[in-house]
Amino acid sequence: MRGLWFCWRHRAGEHCDWSQRSGAYSAGMVEENTSTTETNKVNNLAWAPFGYWAHMSCLVLRTQIWTEFLDYDPDSACGRRTTSTLLGKALSKALVVVLLAMEGLVTWYFFEDFLMRLFSISGMVAFVALEVLRGTDDKDVCRQICPWPGPMVDADFPRRAFIQTFDDVPRDYQPVVAELKRRGVEIQLRTTESVLAKPLPLTTMDLVVGDFDWTKMALKQLACAMPAPPDYPKCLEHLLHRKIWSSTLGEVRDLLTAQSLGQVFIKPKVDTKAFSAIIEPKDQMLNTLLDGIPGVLDPLAPDMAVHCAEVVDFISEYRVYVVDGEIRAICHYKGPEDDFLDESVIKEAVSTLCNSEEGRDLTGMGMDFAVLKQPDGQILTCLVEVNDGYSLGLYPGLSGKDYTDLLISRWRRLVA
């Protein structure tokens, strides 16, 4: 340490006169100065200069927060309290960047050594490139250790569940409450109003069960990304059996006005809750969505991205609930229940999606299929759409256990 102080003092232009030390070398040892009047010195050396302490403080603090940030996911998973887990991912990143910037300024001001300056600047570049822009974390490492498909086993998850309520527990969530109680999971019922007044004390070991807005708030609080809607995976396009394309609300209106389109199915592409799916011009809702209703409905932007599909004849529709690549239930929800549904098509679709890059994160999902009657009279089983597992509704025929497994598996992957 004495040599390090000397190095810093020398680089800062404060040359130390080592000949004035009161101790002397004897057999390779330095006698310590025990004078009671030199309480602020070691071996008659003055304290290191301010630049040294400023540099070391920034270096130690940024290294501590940086390494804690790298362990954010496993620390959160096991409930370990660190500065990073208390701050959250976003604030941890910001704090490391601030400390790196302070370290760079201190180094540039107090030291003229090229290597020290290069070390500080390279640290800032490395962190911004790897963590802020690219965004590395333990997710990829976890996938290499335990790749999916296959159940994600964690006997301790969830430790606690926050479930959205209104005047009462919603019908869909009642089986979840019963199942979680059976498993011994702590349950807290919260309303949206209470969450807006006081955010949930969330960790990545908590389960959140609620609607789209609840999910969005919770993921934002945990600094986790909201997933893109999986609607029409490319790997399953051959099962759609109808024309589907991307457009905008304004473009669709223009085409309908010019009578260049017949009946067309329209649903949001990104903001899935911006409006419910419509069929135009049958529903006569497109102009209302674009123009709005003063004091009631805000107008939507003409450039809002939408999915469009030709209108076909679905005879009956079914939802297939999938957990970790396994079909848990096939539930009929619309039209006459018949024997035309081809379950071999469903099994192939589930396997294809779960083993694809598009479906690798969909550990809990609902895949909607329909029995389709084509113009030539041929009956086919086709894919309607794929629904993400969070905030997914419960149809009769799915058990409370399987529904709970689905919500747990999907939420665990969302916050991983």
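Points worth noting:
- The residue of the stretch 363-412 that is farthest from Val312 (Cα to Cα), among those that are of a type in the set (Lys, Arg) and surrounded by fewer than 20 Cβ atoms within 10 Å (Cβ to Cβ), is Arg412.
- Within the stretch 293-311, residues that are exposed (fewer than 12 other Cβ atoms within 10 Å of the Cβ) sit with their Cβ atoms under 9 Å from residues that are assigned to a loop (DSSP other than H, G, I, E, B), at 6+ positions apart or across chains, in these pairs: Ile293/Pro299; Asp298/Gly292.
- Scope the stretch 315-343; condition among the aromatic types (Phe, Trp, Tyr), surrounded by fewer than 17 Cβ atoms within 10 Å (Cβ to Cβ) and in a strand (DSSP E or B); matching residues: Tyr333
- Scanning the stretch 230-262 for residues that are loosely packed, with under 12 Cβ neighbours inside 10 Å, touching a residue at least 12 places away in the same chain (Cβ under 8 Å) and among the polar types (S, T, N, Q) turns up just one, Ser246.
- Members of the stretch 379-416 found to be aromatic (Phe, Trp, Tyr) and in a loop (DSSP other than H, G, I, E, B), listed by number: Tyr390, Tyr395
- Condition check for Ser76: in a helix (DSSP H, G or I), out of contact with any Asp or Glu (no Cβ under 6 Å at 6 or more places or on another chain) and at pLDDT below 70: yes
- Restricting Lys267, Lys347 to those that are among the basic types (Lys, Arg), farther than 23 Å from Leu398 by Cβ and at pLDDT 95 or above reduces the list to Lys267.
Here's the yes/no breakdown for (1) in a loop (DSSP other than H, G, I, E, B); (2) in contact with a helix residue (DSSP H, G or I) (Cβ under 8 Å, 6 or more places away or on another chain); (3) touching a residue at least 40 places away in the same chain (Cβ under 8 Å):
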| position | (1), (2), (3) |
| --- | --- |
| Asp168 | yes, no, no |
| Val177 | no, no, no |
| Lys181 | no, no, no |
| Ile187 | no, yes, no |
| Val195 | no, yes, no |
| Pro201 | yes, no, no |
| Thr204 | yes, yes, yes |
| Leu207 | no, yes, yes |
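The values are calculated or read from the model by the stated rules, or taken from the named source; none is laboratory data. These numbers come from a predicted model, not from an experiment. Counting neighbours? That spans all protein chains shown, and the Cβs are built from the backbone with ideal geometry, glycine included.
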